[in-house]
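Everything below concerns the one structure shown next.
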Amino acid sequence: MHTFFQRIHQFLGFLLSTTIFIIIVNSISGLYLDDSEPEISIQLNKIHEFKNNARTDRAVIGFDLHADFTSTFNWNVKQIFVFVTAEYQPEGRGKSEVVIWDHIIRSKEEAVLDLVDQKNKYVLVDYENDLRGQIINLTVNWDVMPLNGFLRLKKHGKTQFTLPEKI
Amino acid sequence: MDFFGQYYAYLFFRLIVIIGSLLGILIGFLIQSYKATIYIYIGSIFLAGLLCSPNWPIWNKHPLNFKKKN
């Protein structure tokens, strides 16, 4: 402690413990603060395109999504990753889950999503031509990405529709 | 820095940083902004570092009295 650089060295060693303390408090409080239930509704607007291209079934759909993630933001949240999945159960195979759209909400100001007839970003594809006449579940999933601590995955807002039998 | 100065410099550094981090956690939690926590914490670190690292005259108030040469 008798020279300038020895003091700096000692102080930096002490700062490690206080920094870890702040991080632990922040990450634990994030787990307990995060009990809000955002308002979410999703429904099919219309099926834009349903065809067999390059020997695979492809569907382009438009959905309406209204969601308000304002209450999810607290001092622990960095951003929210929202993605919509289409789930269906083909015969003789396991359940299929396809991500058809995603979006990153970076701040509280842009936390309200109000989409009408949003086309899917990633085409709904089935490589075994099993999409025809299939009952599709649309689900809104969101990842709460924290500044410190654990990633939290939640899902909500199911809607069902049936794709046509003929292409 | 004399021996008392070294003791008090380290004590004051720890005190200022602990108070700054607790205050930062409190204010950041109340206004729900982690940015506020970090700014208050880093501010307290700079304040404490400026006060306690350089050899200021306040840390030199207890000089050692060596025995006089006969």
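A short reminder: the numbers here are calculations on the coordinates, not readings from a lab. Keep in mind that this is a model prediction, so the values were computed, not measured. Note that we place each Cβ from the backbone using ideal geometry, even for glycine, and neighbour counts take in every protein chain shown.
Cross-link reach is defined here as a Cα-Cα straight distance under 13 Å, omitting same-chain residues fewer than 8 places apart; for A:K51 the aspartates and glutamates meeting it are A:D126, A:D130, A:E165.
Relative to the longest principal axis of the Cα atoms of chain A, helix A:4-33 runs at roughly 40 degrees. Computed over the protein assembly as shown, the per-residue total of -39500 (n - 2.57) for DSSP H runs of n ≥ 4 gives a 222 nm mean residue ellipticity of -11500 deg cm²/dmol, rounded to 500. Each Lys and Arg adds +1 at its Cβ and each Asp and Glu adds -1 at its Cβ; summed about the Cα centre, the stretch A:128-167 shows a dipole of about 200 debye. For chain A, the relative contact order comes to 26 percent (Cα pairs under 8 Å, sequence separation of at least 6). State which stretch of chain A is the longest one without any exposed GluC sites (Glu not before Pro), exposure meaning a DSSP loop state and at most 10 other Cβ atoms within 10 Å. Result, exposed sites excluded: A:1-90.
Only one residue of A:Q6, B:F29, A:V144 has its Cα farthest out toward the positive end of the dipole of the protein assembly as shown, where Lys and Arg carry +1 and Asp and Glu -1 on Cβ, and that residue is A:Q6. Mean partner shielding of peptide A:2-13, defined as the number of other chain Cβ atoms within 10 Å of each residue Cβ, is 4.
Count Lys and Arg as plus one, Asp and Glu as minus one, and take only other residues whose Cβ is under 10 Å from that of A:D130; the net charge is then -2.
Using a cutoff of 8 angstrom between alpha carbon atoms and counting only pairs six or more residues apart, the relative contact order for the stretch B:3-59 works out to 47 percent. Sorted fewest first by neighbouring Cβ atoms within 10 angstrom, A:V60, A:V116, A:V98 come out as A:V116, A:V60, A:V98. Remark: A:T56, A:T85 ranked as A:T56, A:T85, counting other beta-carbon atoms within 10 Å and listing the fewest first.
Neighbour counts of other Cβ atoms within 10 Å put B:L22, A:L138, B:L11 in the fewest-to-most order B:L11, B:L22, A:L138.
For the cross-link pairs A:K119/B:K35; A:K119/A:K154; A:K78/A:K119; A:K46/A:K78; A:K158/B:K35, the ones whose C-alpha atoms lie over 31 Å apart are A:K119/B:K35; A:K46/A:K78; A:K158/B:K35.
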